[in-house]
Amino acid sequence: MNRVVITGMGIYSCLGQTLDSVRDALYRGVSGIVFDPMRKEHGFRSGLTGSVPAPDLKKELPRSQRAYMPEQAQYAYCATRDALAWAGIDGEYLENHDVGLIYGNDSSADAVYQSVSKINEKKDTMLCGSGAIFQSMNSTVSMNLGVIFHLKGINLTLSAACASGSHSIGWGSLLIRNGLQDIVVCGGAQEINEAATGSFDGISAFSTREDDPSAASRPFDLHRDGLVPSGGAATVVLESYESARKRGARIIAEVIGYGFSSNGDHISTPNVNGPARSLEMAIRQSGLSINDIGYINAHATSTQVGDANEAKAIYQVFGDSRIPVTSTKSQTGHEMWMAGASEVIYSILMMKDGFIAGNINFETPDEDTARLLIPSSTIHRGFDTFLSNSFGFGGTNSSLVIRNV
C-alpha cells in the first residue's frame, strides 16, 4: 500500500486568502464573522455570516471560462491555483500526467435561483445564458477545475453535506494508497450567498447574537445558540510518497488514517455512536494509539445537540486522556461543504508553527464539554499528529488522522 502525503495547500477563507494570513489570524484569535444588513432586509432571522471577498479573476481567466464559474468555483480556482504552485506542479506537468480531482461541493443554489428568476421574469429560457447550466450543476466545481487546469485523472464531485471536504481527502487517499492515482487534487468549496443559506436560516439553525458578531460562533460553550454560515474553498494536493520523492516535492504532512460511518438515524440530528465509530476507524487505520494524537480539530458548529453529542463521542473514544480539542469554527463560522478540507489546512498550519488556536468564545462549559480539554485562547504546544472530524446532514461522518513529516 502506498503512503499518502500532502505536497500542496491553498485556501480562500474568511480568515484570509493566503496561508500566511490565515495562520496569523488563527494565532491571534481573529474572527471572520460580520453582520450583513441585507440579510435582514430579505427576511433572514440572522444577519450573521462569514466575510469572504469576491475574487477578481479578470486578469487570470478569459471571460469564456469565467462565464461557467459560480461563486464557489471561483473560490476553488484560487485555492487550487495556490495549492498546485506550492506543490511545484505546473501546466506542463499537468498536460503530461494523469492528475486526479475529487472536490467536495453540495450545492450551487445561487446559480439555480438566478436562472429560474430570469425565466420567470422574461418568459424566455434563452436569457439564462450559455453558462447557466454549468454554473447550476452540483458538479460545477470539479467541472471547472478539471477544464481550467487540464486534469486528466479521475474527475468527480463528492457530495456529502458538511463532511464533503473531508471525505474528498479520504477518498483521494484511498485511490493513491491502492495505486490507482499518483496525485489527486482534493478539497471543498462553499458558496456563501443568501440563496444557499436561506433555508438553513428558515429552520432556526443560525445564531442570532447579532450585537457582537465575533462572539456569535460559540462551539462547546453552554450559551451557544446556533451556527454562523461561512464559506470559501480549500485545496490540498495528495500524492504518493514515491511520486513526491521522484519529483523532488516538498512534503508537508502525511494522511495516515481515514474513518467513516453513517449514523443511520435522524436526517439532521447527530447521535453519538456514529461519530465514535468514525473516530475509532480512523485511529485504527492509522496504526496509532489514542495517546499518539496530539490535537483534535472538532466538527463542533455551535449547535446545542451537535456539540454535546460530539463531545460525548470524543470522550467515549479518548476518555480522560486530556488531548486538546478546539473547533476553528469559533473563528470562521461553519464553512459547510468546505469545512473538512479547510480544517485540515488550519490544523497543519498550527502543527507546523507549534501552537493550537483557541476555541474563542468558550467561556462556560456544559456537562458534556466540561470533560474535554478545550483551551479558549491560543496555547503554545507542539504536536506531530492530529485528528480532524467532519459530520453532515443525513448522518455522514468522516475523520482524518494526519501526521507531520
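Would you mind calculating the gained length between Asp98 and Asp225 on full extension (0.36 nm times residue separation, minus the Cα-Cα distance), in nm to one decimal?
In short, 41.1 nm is gained.
With the chain treated as a Gaussian network of Cα nodes joined by springs under 10 Å, which of Asn297, Asn389, Asn178 yields the largest mean-square fluctuation?
Asn178
Can you give the FRET efficiency to the nearest 0.05 for Gln65 and Asp20, using r as the Cβ-Cβ distance and R₀ = 30 Å?
Taking R0 as 30 Å, the efficiency between Gln65 and Asp20 is 0.60.
Hey, could you get me the Stokes-Einstein D for segment 339-405, Kirkwood radius over alpha-carbon pairs, 4 °C and 1.567 mPa s, rounded to whole µm² s⁻¹? Each step should come with its number before you reach the end.
Numbers: Rh = 13.4 Å.
For these conditions, the coefficient is 97 µm²/s.
Loop only by DSSP, 14 or fewer other Cβ within 10 Å of the Cβ. Give me the trypsin sites (Lys or Arg not before Pro) in segment 1-70 that pass, ordered by residue number.
Filter output for segment 1-70: Lys58, Lys59.
Over 31 Å between Cα atoms, which of Lys152/Lys246; Lys118/Lys329; Lys40/Lys329 qualify? Let's see the in-between values first.
Details: Lys152/Lys246 20 Å; Lys118/Lys329 36 Å; Lys40/Lys329 23 Å.
In this structure, Lys118/Lys329 exceed 31 Å between Cα atoms.
Quote the FRET efficiency, to the nearest 0.05, computed for His380 versus Arg284 with a Förster distance R0 of 35 Å and r equal to the Cβ-Cβ distance. Could you put the intermediate results ahead of the total?
Values: r = 31 Å, r/R0 = 0.88.
For R0 = 35 Å, the calculated efficiency reads 0.70.
Please give me the summed charge of the neighbours of Gly382: other residues whose Cβ is under 11 Å from its Cβ, Lys and Arg +1, Asp and Glu -1.
Overall, the nearby charge balance is 0.
What is the local net charge at Ala339, summed over the other residues whose Cβ is closer than 12 Å to its Cβ (Lys, Arg +1; Asp, Glu -1)?
Summing Lys/Arg as +1 and Asp/Glu as -1 gives -2.
Just to be sure I understand the curve: with the Debye formula and one point per C-alpha of segment 259-395, what is log10 I(q)/I(0) at q = 0.14, 0.19 Å⁻¹?
-0.58, -1.16
Please get the size of the charge dipole for the chain, origin at its Cα centre, with Cβ charges of +1 on Lys and Arg and -1 on Asp and Glu, quoted in debye to the nearest 20.
Here the size comes out at about 660 debye.
Within the set of other residues whose C-beta is less than 13 Å from the C-beta of Thr140, count the net charge using Lys and Arg as +1 and Asp and Glu as -1.
Net of charged neighbours comes to -3.
Each reported figure results from applying straightforward, stated rules to the coordinates on display, with no laboratory input. All values reported here derive from a predicted model rather than from experimental measurement. Counting neighbours? That spans all protein chains shown, and the Cβs are built from the backbone with ideal geometry, glycine included.
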